[in-house]
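Below is one structure, written out as structure tokens, with a few remarks after it.
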Amino acid sequence: MDKVKAQYERWIYPEPIEDLEAWIAGGAFSIGDAKHCGDIFWPATGYREGMNILVAGCGANQAARYAMQHPTAKVAGIDLSEASLAHEEKLKAKHGLENLTLHRMRLEEVAELGQTFDFIASSGVLHHLPDPVAGLKALGGVLDRDGVIFIMVYGRYGRAPVYMMQDLFRTLGMTTQTEEDVALVKATIQLLPKEHPLHTYAKRSSDMKFDAGLVDLFLHQQDRPYSVPEALDFVHDAGLAFQSWVEPMYYNPDGHVPENHPLYQRLEKLSDAERWAAMELFGGFHARHDFCVCRTDRALDSYQIDFTRPDFPDRAVPILRTSSLAPAGDGKPATVTGTRVPPLTLPPPLVAIFRQIDGSRTIGECLQAAPVNIAPEALRHHGLRFFRSLWRTGHVTFRLKESS
Ligand SMILES: C[S@@+](CC[C@H](N)C(=O)[O-])C[C@H]1O[C@@H](n2cnc3c(N)ncnc32)[C@H](O)[C@@H]1O
């Protein structure tokens, strides 16, 4: 049997959720969810009800989760593991998910479904394929022209300690993924010196907490990571267009490096791709990359966030993600804060501009409406820089109005 299939038949991943309602009520959060990221994936139209969604390599829960959280969508889940699909079937029956269909197949053969999709999620899967490019090409082949694929692949540098451990266990001949091997993995981790880099990784990984997660991390027989340039090449080689990172703040210096620091100024001289790659090396923590891609014939106007375009300020409507403004007081400056994003302190003119964000005004209209005494040219320059910073730090997304 194929070694990847054999693993996921025996060690189904992730930990099966027994009750999706309780899981959702507990506030569990899916990175790259189509609704949650609607403005990132479709800046011109936002999330639409009634989409055709494919969950490629759905594992034990993800297709049912999608069907539950997107009740007007038609959701198809595919996976090569019968054991995982059996759990998805159980969730489908338990929660009456009529909008869910499940298929046992390799995602490389997805064209056999004879369907196309508005949205495809493939999270933690493509890096396990013998030929990831062929897999992504197959997904691109069933994507509608305005559709989006959300991808999560492993990060090369942030996962380095995991690959050290994989090499160790391979050296020890632990290639069978037995209970005995899992027990030895656990015992070995207990004995690692306290300076070992795995400890930092382990603090952030939920996979360390269950056996199938430990197998997935340390005893996987087919897994490759991606650096930023490798991820961009991967998309290009599959004949698709890179659209954006789901969390731009991990790939930009804003919020991490002061704007007046010489490092920031050097980083700003780079192309986007070079700057993202540099920030991955600077950060050192990217254990995964979450991003979205689309077809190369999708209209650029409908998704490109390009601050250099002269019409951008008049098309882009800033939308606050989770952030709000804490006004100045008690000797503290005004600060924009949000969930899992770096706080930004604002001088009074930027506070006045920030207050104009209402979900319908464009950048240009926000700048015009702000009661600030700044010459128009300077206002536009600094205002645009400010909105770019809010976007790069994950405080806002943009909805794009039609270009005139
Ligand atoms: C790490 S799990 C991720 C599961 C799910 N996407 C999630 O995030 O919860 C990887 C899944 O991909 C499936 N898989 C691996 N290779 C595949 C392939 N070529 N075609 C379809 N599914 C595949 C495995 O069976 C497994 O269920």
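Can you tell me which of (1) of a type in the set (S, T, N, Q); (2) modelled with pLDDT under 95; (3) under 23 Å from His128 (Cβ atoms) is the one Thr200 doesn't meet?
(3)
Restrict the check to the stretch 168-175 and report whether at least one residue is aromatic (Phe, Trp, Tyr), out of contact with any Pro (no Cβ under 8 Å at 6 or more places or on another chain) and under 20 Å from Glu9 (Cβ atoms).
If we filter the stretch 168-175 for residues that are aromatic (Phe, Trp, Tyr), which is where we start, we get 169.
Next, from what is left, pick out any that are out of contact with any Pro (no Cβ under 8 Å at 6 or more places or on another chain): 169.
Adding the requirement that they be under 20 Å from Glu9 (Cβ atoms) leaves none.
So far as the stretch 168-175 goes, no, none of its residues is aromatic (Phe, Trp, Tyr), out of contact with any Pro (no Cβ under 8 Å at 6 or more places or on another chain) and under 20 Å from Glu9 (Cβ atoms).
Looking only at residues that are part of a helix (DSSP H, G or I) and closer than 11 Å to Leu85 by Cβ in the stretch 53-69, which one is farthest from the ligand (Cβ to nearest atom)?
Only one residue tops the list, namely Ala64.
Quick check on the stretch 1-26: of everything there that is free of Cβ contacts under 8 Å to residues at least 12 places away in the same chain and either part of a loop (DSSP other than H, G, I, E, B) or in contact with a Pro (Cβ under 9 Å, 6 or more places away or on another chain) (or both), which residue is nearest to the ligand (Cβ to nearest atom)?
Met1
Can you find a residue that is over 30 Å from Gly173 (Cβ atoms) and in contact with a Gly (Cβ under 6 Å, 6 or more places away or on another chain) anywhere in the stretch 276-285?
Going through the stretch 276-285, the residues over 30 Å from Gly173 (Cβ atoms) turn out to be 276-285.
Within this subset, residues satisfying the condition of being in contact with a Gly (Cβ under 6 Å, 6 or more places away or on another chain) are 285.
So far as the stretch 276-285 goes, yes, one or more of its residues are over 30 Å from Gly173 (Cβ atoms) and in contact with a Gly (Cβ under 6 Å, 6 or more places away or on another chain).
Kindly indicate whether any position in the stretch 71-84 is away from the ligand (no atom under 14 Å from the Cβ) and farther than 22 Å from Leu143 by Cβ.
yes
I need every pair where a residue in the stretch 319-336 that is touching a residue at least 12 places away in the same chain (Cβ under 8 Å) and surrounded by 11 or more Cβ atoms within 10 Å (Cβ to Cβ) has its Cβ under 6 Å from the Cβ of a residue that is in a loop (DSSP other than H, G, I, E, B) and of a type outside the set (A, V, I, L, M, F, W, C), sequence separation at least 6 or different chains.
The qualifying pairs are Ile319/Gly359; Thr322/Gly338; Thr322/Thr339; Ser323/Gly338; Ser323/His395; Ala334/Pro327; Val336/Ser323; Val336/His395.
Going through Gly59, Gly96, Gly50 one at a time, which residue ends up being touching a helix residue (DSSP H, G or I) at 6+ places or on another chain (Cβ under 6 Å) and at pLDDT 95 or above?
Gly59
Do the conditions hold for Gly135, that is, is it more than 26 Å from Ala86 (Cβ to Cβ) and within 16 Å of the ligand (Cβ to nearest atom)?
Considered against the rule, which asks whether it is more than 26 Å from Ala86 (Cβ to Cβ) and within 16 Å of the ligand (Cβ to nearest atom), Gly135 comes out as no.
Please work out which one of (1) away from the ligand (no atom under 14 Å from the Cβ); (2) at pLDDT 95 or above; (3) surrounded by fewer than 22 Cβ atoms within 10 Å (Cβ to Cβ) is the condition Arg104 fails and give its number.
(1)
Condition check: touching a Phe, Trp or Tyr at 6+ places or on another chain (Cβ under 6 Å), more than 16 Å from the ligand (Cβ to nearest atom) and either under 30 Å from Gly114 (Cα atoms) or not assigned by TED's automatic domain parsing to the domain that holds Gln243 (or both). Does Val153 satisfy that?
It is false that Val153 is touching a Phe, Trp or Tyr at 6+ places or on another chain (Cβ under 6 Å), more than 16 Å from the ligand (Cβ to nearest atom) and either under 30 Å from Gly114 (Cα atoms) or not assigned by TED's automatic domain parsing to the domain that holds Gln243 (or both).
So which helices (runs of 4 or more DSSP H) stay within the stretch 118-223 end to end and still have 2 or more residues that are of a type in the set (A, V, I, L, M, F, W, C) and buried (at least 19 other Cβ atoms within 10 Å of the Cβ)?
132-140, 160-171, 211-218
Do any residues in the stretch 217-229 that are of a type in the set (Gly, Ala, Ser) have Cβ atoms under 9 Å from those of residues that are part of a helix (DSSP H, G or I) and surrounded by fewer than 18 Cβ atoms within 10 Å (Cβ to Cβ), where the two are at least six apart or on different chains, and which pairs are they?
From residues that are of a type in the set (Gly, Ala, Ser), the pairs are Ser227/Leu281.
Any chance the stretch 162-174 includes a residue that's under 19 Å from the mean Cα position of the chain (by Cα) and either at pLDDT 95 or above or closer than 30 Å to Ala278 by Cβ (or both)? Give the derivation first.
Step one: list which residues in the stretch 162-174 are under 19 Å from the mean Cα position of the chain (by Cα), which gives none.
No, the stretch 162-174 contains no residue that is under 19 Å from the mean Cα position of the chain (by Cα) and either at pLDDT 95 or above or closer than 30 Å to Ala278 by Cβ (or both).
Suppose we filter the stretch 27-62 for residues that are closer than 23 Å to Arg295 by Cβ and either of a type in the set (A, V, I, L, M, F, W, C) or in contact with a Pro (Cβ under 6 Å, 6 or more places away or on another chain) (or both); how many remain?
Final tally of qualifying residues: 13.
Go over the candidates Gly50, Gly32 one by one and state the one that is more than 8 Å from the ligand (Cβ to nearest atom), in a loop (DSSP other than H, G, I, E, B) and buried (at least 19 other Cβ atoms within 10 Å of the Cβ).
Values: Gly50 fails: buried (at least 19 other Cβ atoms within 10 Å of the Cβ).
After applying the criteria, what remains is Gly32.
Looking at the stretch 264-375, what helices (runs of 4 or more DSSP H) fall wholly within it and have at least 1 residues that are aliphatic (A, V, I, L, M)?
272-283, 348-354, 363-369
The values are calculated or read from the model by the stated rules, or taken from the named source; none is laboratory data. Every value quoted in this text rests on a predicted model; they were computed, and no experiment measured them. Every residue, glycine as well, gets a Cβ built from its backbone with ideal geometry; the counts of neighbours run over all protein chains shown.
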